[in-house]
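*Asks:* First the structure, which I've put down as structure tokens, then a few questions once you've had a look.
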Ligand SMILES: C[S@@+](CC[C@H](N)C(=O)[O-])C[C@H]1O[C@@H](n2cnc3c(N)ncnc32)[C@H](O)[C@@H]1O
């Protein structure tokens with residue numbers, strides 16, 4: 001897979017460690033639940049990766065369809081599913097066509113920004129519109145672009161411990177003009193080093209509103225944290241709720 005937003009197969013174990021550390025699971029469930037009940041609902045989790053978001057949604061009582069373009073990620077997800085109600089689909093979320101509609105669609109941890117161009121984002125929003133039930137809602141978990149602007153084009157680098165014997169350094173740069181974000185992840189132990197990267201393109205809230213309208217959707221809520229509180233200038237996460245027009 002040459003798409004730079006889909007991690008190389010040899011990096012999946014390292015990606016999975018990082019993903020579990022950054023875990024949006026509990027927060028995602030709290031945020032979605034503030035808008036829609038999850039128990040008994042059918043949820044489409046786009047960009048499910050190794051399952052952090054899908055497991056949290058399933059553990060809250062939802063029946064989940066987990067979509068990702070990375071087979072190695074989905075293999076890991078399936079190996080950990082146990083008796084959770086999760087179906088797995090290997091597909092590109094920019095043009096997927098499933099024969100069902102969903103109460104809830106989730107894109108966690110900047111997955112929306114992994115559709116790189118405006119055209120790709122609009123295609124992805126059209127996919128969301130086609131797969132939402134009439135009363136359904138979609139949830140885009142995005143880093144607030146103000147965070148990238150605050151960095152002023154400088155690289156930011158943060159190191160976190162990963163368990164007892166590893167650490168990850170995440171280095172990120174964001175280009176104001178093109179709105180491109182490059183993230184490099186270095187996972188290190190005393191004897192191993194694995195690197196992977198992610199390319200993304202942010203969209204501002206007015207851009208998301210406009211693109212959503214073009215796809216037949218409407219932004220019906222903007223929250224500033226996983227607790228579902230109102231979005232404000234201090235918010236680091238710009239959580240966008242979409243419904244069909
Ligand atoms: C940031 S991760 C989010 C993973 C998980 N939902 C979480 O919260 O930890 C984004 C995922 O989107 C997948 N992805 C990127 N582009 C994709 C595409 N065009 N179609 C399907 N999956 C894609 C990547 O393989 C990756 O697993």
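*Asks:* What's the number of the only condition in (1) more than 8 Å from the ligand (Cβ to nearest atom); (2) at pLDDT 95 or above; (3) within 30 Å of residue 134 (Cβ to Cβ) that residue 91 fails to meet?
*Replies:* Checking residue 91 against (1) more than 8 Å from the ligand (Cβ to nearest atom); (2) at pLDDT 95 or above; (3) within 30 Å of residue 134 (Cβ to Cβ), the one that fails is (1).
*Asks:* Let me ask something else. Could you count how many residues in the range 167-187 are surrounded by 15 or more Cβ atoms within 10 Å (Cβ to Cβ) and either closer than 17 Å to residue 7 by Cα or in contact with a helix residue (DSSP H, G or I) (Cβ under 7 Å, 6 or more places away or on another chain) (or both)?
*Replies:* Taking the range 167-187 first, the residues surrounded by 15 or more Cβ atoms within 10 Å (Cβ to Cβ) are 168, 170-174, 179-187.
Now narrow it down to the ones that are either closer than 17 Å to residue 7 by Cα or in contact with a helix residue (DSSP H, G or I) (Cβ under 7 Å, 6 or more places away or on another chain) (or both): 168, 170-172, 174, 181-187.
Result for the range 167-187: 12.
*Asks:* Do you know which residues across the range 17-48 are at pLDDT 95 or above, within 11 Å of the ligand (Cβ to nearest atom) and over 20 Å from residue 228 (Cβ atoms)?
*Replies:* 46, 47, 48
*Asks:* Quick one: how many residues across the range 117-161 are surrounded by 13 or more Cβ atoms within 10 Å (Cβ to Cβ) and either modelled with pLDDT of 95 or more or in contact with a helix residue (DSSP H, G or I) (Cβ under 9 Å, 6 or more places away or on another chain) (or both)?
*Replies:* Going residue by residue through the range 117-161, those that are surrounded by 13 or more Cβ atoms within 10 Å (Cβ to Cβ) are 118, 120-133, 136-149, 151, 156.
Filter once more, keeping what is either modelled with pLDDT of 95 or more or in contact with a helix residue (DSSP H, G or I) (Cβ under 9 Å, 6 or more places away or on another chain) (or both): 118, 120-133, 136-145.
Final tally of qualifying residues: 25.
*Asks:* What about residue 14, is it within 9 Å of the ligand (Cβ to nearest atom) and not in a strand (DSSP E or B)?
*Replies:* Details: within 9 Å of the ligand (Cβ to nearest atom): no; not in a strand (DSSP E or B): yes.
Here the answer is no, as residue 14 does not meet what is asked.
The values are calculated or read from the model by the stated rules, or taken from the named source; none is laboratory data. Treat the numbers as computed from the prediction; the structure is a model and nothing was measured. No Cβ is skipped: glycine too gets one built from the backbone with ideal geometry, and neighbour counts run over all protein chains shown.
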